[in-house]
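Asker: Please find one structure pasted underneath; my questions will follow.
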Amino acid sequence: MMDEKDKKTYSNFEYDSALSVQEGVKQPEQINNFYLEKMRQNKRNEVPVETLVDGILHGDRVMLSRAITLVESSRFDHRRKAQQVIEQCLPFSGKSVRVGITGVPGAGKSTTIEALGKMLTALNHKLAVLAIDPSSERSKGSILGDKTRMEELSTDPNAFIRPSPSAGSLGGVARKTREIIILCEAAGFDTVIVETVGVGQSEVAAHSMVDFFLLLQLANTGDELQGIKRGIMEMADMIAINKCDIDPEKSRLAAQQFRNALHLFPMPESGWTVPVTTCSAYSKEGLQEIWNKILEYVAFTKKNGYFYQKRQQQNLRILDETIENTLKERFYNAPGMEEKIEKARQEILDNKVSAYTAAERLVDTSSV
């Protein structure tokens, strides 16, 4: 046994020695208190629906932007709140001219929108530009750089530019663009321009939410008719050959080729004869003609009733799409569905069942 002297010596050794057990570093909390407090603060700072609606109706850009952020959010509570805002803004919407602009990559869509927009704001129009930015399939991110490409228009007090990620939506058109149009119209914007990502059969999504569909095309691309698909040409209410200042003669030749091609298509339901023109966003040539044709189209289709008929069809399309999206969302969020899908995938990989049969079983077992 150790005597008192040995115990004291051992105790001192244990205290002074590097071999003794030292007190460890305190482990951090599982939840970052800084961000937790920030979330609580954001919740306290949430704007009531009535305040958002009142701000939108009085043209408050901050309230409009916050409402659009709610619309674009994937959070359930945000979506419910956004729907309440939209419902209250709906009676004050529908009074604008909705213009969709599409074209091949490099056709100058953003440059044309800025030049056309500056012309419209100079005429005291209030313009909202919904620029749809393509989302990456890999990272799901978007650059959202349209404001940098429309530098002058973005500082115009009569213009409002809102870049939005396409988020994998059909045709590169943001899933909530229709709701954002309603909010912009309620805020007093009399002209709404929707810029789409590019050209393809899926651009029907953009066509289904605007009154007038402008197709921008380029000359100097070889066979001009190969640069565009027939489906897009049939949807276009006007075709403009952009950058005509580079080579006026080739631009006029390209315009004539498109006019000849349009003669082979059936007459549009609207009864409107699709014009083909040349323009230049750089030299501002042809922009006034484009706007005049838009106004002429609106007056023409309102007179024969097609304008209102088309908007009604668009609303019915929204109903069908919302039903499909809601059913899809409920299916994937059903209790235990994630595990069932993972099991079905493994069975498919093991060649135990076909993909078609597995899909039918999953749907049958869901509560949708």
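Asker: Can you confirm whether the stretch 262-283 contains a residue that is under 29 Å from Gly106 (Cβ atoms) and part of a helix (DSSP H, G or I)?
Answerer: yes
Asker: Let me ask another. Where the second residue is part of a loop (DSSP other than H, G, I, E, B) and hydroxyl-bearing (Ser, Thr, Tyr) and the first is in the same structural domain as Ser283 (by TED's automatic domain parsing) and lies in the stretch 233-253, which pairs have Cβ atoms under 7 Å and are six or more apart or on separate chains?
Answerer: Short answer, once both residue conditions are applied: Asp245/Tyr282; Asp245/Ser283.
Asker: Scan the stretch 270-292 and give yes if some residue there is in contact with a Lys or Arg (Cβ under 8 Å, 6 or more places away or on another chain) and aromatic (Phe, Trp, Tyr), otherwise no.
Answerer: Yes - at least one qualifying residue is present in the stretch 270-292.
Asker: Show the residue pairs that are 6+ apart or on different chains and have beta-carbon atoms under 6 Å apart, the first residue being within the stretch 342-368 and within 15 Å of Leu327 (Cα to Cα) and touching a residue at least 40 places away in the same chain (Cβ under 8 Å), the second being surrounded by 12 or more Cβ atoms within 10 Å (Cβ to Cβ) and among the hydroxyl-bearing types (Ser, Thr, Tyr).
Answerer: none
Asker: Please verify whether Pro91 is touching a Gly at 6+ places or on another chain (Cβ under 8 Å) and either at pLDDT 95 or above or not hydroxyl-bearing (Ser, Thr, Tyr) (or both), treating the condition exactly as stated.
Answerer: Against the criterion (touching a Gly at 6+ places or on another chain (Cβ under 8 Å) and either at pLDDT 95 or above or not hydroxyl-bearing (Ser, Thr, Tyr) (or both)), Pro91 does not qualify.
Asker: Taking Glu347, is it surrounded by 15 or more Cβ atoms within 10 Å (Cβ to Cβ), in a helix (DSSP H, G or I) and not assigned by TED's automatic domain parsing to the domain that holds Phe212?
Answerer: Spelling it out, Glu347 is indeed surrounded by 15 or more Cβ atoms within 10 Å (Cβ to Cβ), in a helix (DSSP H, G or I) and not assigned by TED's automatic domain parsing to the domain that holds Phe212.
Asker: Same structure again: When the stretch 303-352 is examined, which residues are found to be among the basic types (Lys, Arg) and touching a helix residue (DSSP H, G or I) at 6+ places or on another chain (Cβ under 7 Å)?
Answerer: Hit for the stretch 303-352 is Lys340, nothing else.
Asker: Specify which of the listed residues (Gly222, Gly200) is within 18 Å of the chain's Cα centre (by Cα) and either surrounded by fewer than 22 Cβ atoms within 10 Å (Cβ to Cβ) or modelled with pLDDT of 95 or more (or both).
Answerer: So the residue among Gly222, Gly200 that is within 18 Å of the chain's Cα centre (by Cα) and either surrounded by fewer than 22 Cβ atoms within 10 Å (Cβ to Cβ) or modelled with pLDDT of 95 or more (or both) is Gly200.
Asker: Among the residues of the stretch 49-82, count how many are farther than 14 Å from Ile181 by Cα, among the polar types (S, T, N, Q) and in a helix (DSSP H, G or I).
Answerer: Residues meeting the conditions: 1.
Asker: Of the residues that sit in the stretch 286-312 and are under 24 Å from Ala115 (Cβ atoms) and of a type in the set (S, T, N, Q), which one is surrounded by the most Cβ atoms within 10 Å (Cβ to Cβ)?
Answerer: By that ranking, first place goes to Gln288.
Asker: Would you be able to say whether some residue in the stretch 329-338 is farther than 30 Å from Val192 by Cα, small (Gly, Ala, Ser), at pLDDT below 95 and surrounded by fewer than 11 Cβ atoms within 10 Å (Cβ to Cβ)?
Answerer: Yes: one or more hits.
The values are calculated or read from the model by the stated rules, or taken from the named source; none is laboratory data. Here the structure is a predicted model, which means the values were calculated and not measured. A quick note on method: Cβ atoms are made from the backbone with ideal geometry, for glycine too, and the neighbour counts reach across all protein chains shown.
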